[in-house]
Amino acid sequence: MNGSESSKIGDIVLIIVGGLSILGGGATAYMSYSETEELTTQNVAQEDKIASSAKILREASEKTQRISTLIGWVGEGGYGDELLSTRALNQQAEYITKKYASWVPADKAATLQKRWKVGVDDKGVIDYDQVLEPGPTAKDIIAVLKEITKKLKEDADSKRSSRDGARQKEAEVIGADGKGGKLAEDATKWTGDNEKVVQDIKSTSERIVSNQADKMRQIATLESNIADAADQMTATRLENEAKIIELRKKANELKDRVAKLEAKGEEVEKTWEWDGTVLSVDLDMFTLYADIGKKSGVFKGTNFEIFGVDKGGKRMKKGTGEVVEVLDDMCKLAILQMLDPRVMPIGHGDRLYSDLFDAGKTKLFVFAGYFTDKYGTNDAAKLIEERGGRVQDQVSFGTSYCVIGEGFQKHPNYLRAKELGVVIIREKELYDLLGIR
């Protein structure tokens, strides 16, 4: 409120108090005291609303200007939001959401509800490049503040319009610009000594001036606090810049160390084993002979991986094969696959390996349930024994496989096999293991 508006209000207050003192003395006026007081109260309320809107508008404008100033140095493609600190951005978004909750546009509210979340590197240091969840950027916050400022200005303009209407109505009743209204015309008929009233008005004016001085001091204090906060934000930004530079330096040092290790070509070789060795190969017939047979416990139908060893001792897979014939000391395999017959053909001296095969160990089987496929349990037992295996009546610690059929769920062999961790296979899987099609 400027000086002229304060002067007008002072004049209005002078006339109102004068009129009230006269009416309080018993004068009969055109308008009652209660009506005049209601008009004055409405006018004062409008002034308070305008002052409140103006204050909020000023705060929003100042905050917009401060944030714009803080990020003004950031160019296109820079680290503006990072250097401004995701923490500072989150604090600004939370402050605006609480302070101007009723003024935030509906389409912007969701943006302000988001919060920046960043990760840390393996040393526990904040890593701004590791964004876990993005939050509102400085540009987003400025855009929201501009929208709030626009709404506040519109609201202030609306309140000023209402105030002007109230003043006009007030002027019609109590007068303005040196001309008395209806109340003043009635008051002149009953005017008396108003020196005490004038003195009261002067005292009131002095109190108003004193209060205004107090408000100005409070404003100065707030401006000082705002300046201190801006300095703190600048210091934080500079500190974050230094941290980012240090982190990048450490990252480059780690990259150099990794590059040096890779250049040395250090490699840890894994130990490996094999079950048999290729004795001869007939590539035209896609067959080979290996040095494992019935004595070793190999079954017809067992699949093996075929691999060679290079000069450096490195294992190179060449293909796969399946046992089709088992002799005492050797077996015949059909070559199922050759990965690269031109560059790495399967040949004498290559090795065989299977996760299911254990050379020299007799495979022990137990049955749980009854079989419904090709063979009954008696026939299946004969097939197993023909291939060097043995069938048990009950599960033991040495049992290799528990073969399940129909109704196996409550069979004691199945329950015991589960308890001891024995490999459990179905009837069809048994035939595949034995090489029966």
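The values are calculated or read from the model by the stated rules, or taken from the named source; none is laboratory data. Given the structure is predicted, the values throughout are model-derived calculations rather than measurements. Because the Cβ atoms are built from the backbone with ideal geometry, glycine has one as well, and the counts that use them run over all protein chains shown.
Gly319 satisfies every condition listed in (1) outside any strand (DSSP E or B); (2) under 56 Å from the mean Cα position of the chain (by Cα); (3) more than 19 Å from Val423 (Cβ to Cβ) except (1). Among the criteria (1) in a strand (DSSP E or B); (2) at pLDDT below 85, the one Ala109 does not fulfil is (1).
Leu339 meets each of the listed conditions (1) free of Cβ contacts under 8 Å to residues at least 40 places away in the same chain; (2) within 51 Å of the chain's Cα centre (by Cα); (3) over 29 Å from Leu283 (Cα atoms) apart from (3).
In this structure, does Ser400 turn out to be under 51 Å from the mean Cα position of the chain (by Cα) and either crowded, with 20+ Cβ neighbours inside 10 Å or outside the structural domain of Ser280 (by TED's automatic domain parsing) (or both)? The answer is yes for Ser400. Among residues of the range 378-397 being free of Cβ contacts under 8 Å to residues at least 60 places away in the same chain and either in a loop (DSSP other than H, G, I, E, B) or farther than 22 Å from Thr302 by Cβ (or both), the one that is farthest from the chain's Cα centre (by Cα) is Asn378. Across the range 124-138, the number of residues qualifying as in contact (Cβ under 8 Å) with a residue 60 or more places away in the chain and surrounded by fewer than 18 Cβ atoms within 10 Å (Cβ to Cβ) comes to 3. For the range 351-370, which residues satisfy the criterion of being of a type in the set (A, V, I, L, M, F, W, C), over 51 Å from the mean Cα position of the chain (by Cα) and part of a strand (DSSP E or B)? The answer is Leu364, Phe365, Val366, Phe367, Ala368.
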